[in-house]
Amino acid sequence: MKFEELKVEQLKRELSKLELPTASNKAELQKRLIDEFKRRDIDIGTYEFEYKEETEICTHSITSNMDNNVCRYDEEIYRSSRKI
C-alpha cells in the first residue's frame with residue numbers, strides 16, 4: 001500500500017511503531033510520517049506499507065463474530081419457543 005492510500009488509523013499505527021505522537025488530524029499525521037521518513041533517509045514515495053493481510057483478517061474476524069451472534073440468537077429463539 002502506498003503512502004497516499006493510508007487512512008488515519010493506519011497513519012497512527014505507523015507513527016506508533018516509530019514511537020511518535022499519534023494525536024492530530026490526517027494532514028498533520030501525514031506530515032509527521034513524511035518528516036520521520038526524511039530523517040531516516042527513506043523515500044516515502046516508493047515505500048510499501050503492509051496492510052492487505054490485516055484487512056482480510058479484520059474482515060474475517062468481523063464476519064465470524066456476526067455468524068456467532070446469529071447462532072446465539074437462533075439458539076435463544078429455539079430455547080424460548082420450547083418453553084411456550
Give the average over all directions of the projected area of the C-alpha convex hull of the stretch 1-50, one decimal, in nm². 3.1 nm²
Just want to confirm a number: the relative contact order over the stretch 1-50, from Cα pairs under 8 angstrom separated by 6+ residues, in percent. 48 percent
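Ranking Arg32, Arg40 by Cβ neighbours within 10 Å, fewest first, what do you get? Each step should come with its number before you reach the end.
Values: Arg32 18, Arg40 9.
Placing the least packed residue first, the sequence is Arg40, Arg32.
Every read-out reported here was derived from the displayed coordinates using simple, explicitly stated rules and does not represent laboratory data. Fair warning: this is a prediction, and the values are worked out from it, not measured in the lab. Here the Cβ is made from the backbone with ideal geometry for all residues, glycine too, and neighbour counts use every protein chain on show.
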